[in-house]
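Here's the structure, in structure tokens; my notes come after.
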Amino acid sequence: MSEQLDTTTHGVLLTDVAAGKVRSLLEQEGRDDLRLRVGVQPGGCSGLIYQLYFDERTLDGDLVRDYDGVEVVVDRMSAPYLDGATIDFSDTIEKQGFTIDNPNAGSSCACGDSFS
């Protein structure tokens, strides 16, 4: 039996902590039809900026990966920039929020929101 490559998924990883936070936010919203959409757009001080938001739509060409009930959606144009990136959530006295550790980023700005 040969293994077939799944072309409908992407290489973005979501940590257990981040998945738990997404679940918590979705429960607060009272919605079970939303997905976490991750993408990149031109902008920011380094050339590209991350987008991270809840979306009810699934667009043609979207790549979807499920993390124990949390769907993470990446559009095909963003997928190469995000392949191997890890989304985590920090909740410390210094910082609270989602972080993206992206091995494809050659450089990033001080704020950490944009990269090249």
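The values are calculated or read from the model by the stated rules, or taken from the named source; none is laboratory data. This is a predicted model, so every value here is computed, not measured. We place every Cβ from the backbone using ideal geometry, glycine too, and count neighbours over all the protein chains shown.
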Exercise. Those residues that are of a type in the set (D, E, K, R) and at pLDDT 95 or above, I need them from the stretch 1-20; list them, please.
Key: 16
Self-check item: All positions within the stretch 87-100 that are closer than 15 Å to residue 16 by Cα and among the charged types (D, E, K, R)
Solution: 88, 91
Quiz prompt | Looking only at the stretch 21-58, and only at residues there that are over 15 Å from residue 73 (Cβ atoms) and among the hydrophobic types (A, V, I, L, M, F, W, C), the one that is modelled with the lowest pLDDT | solution = 45
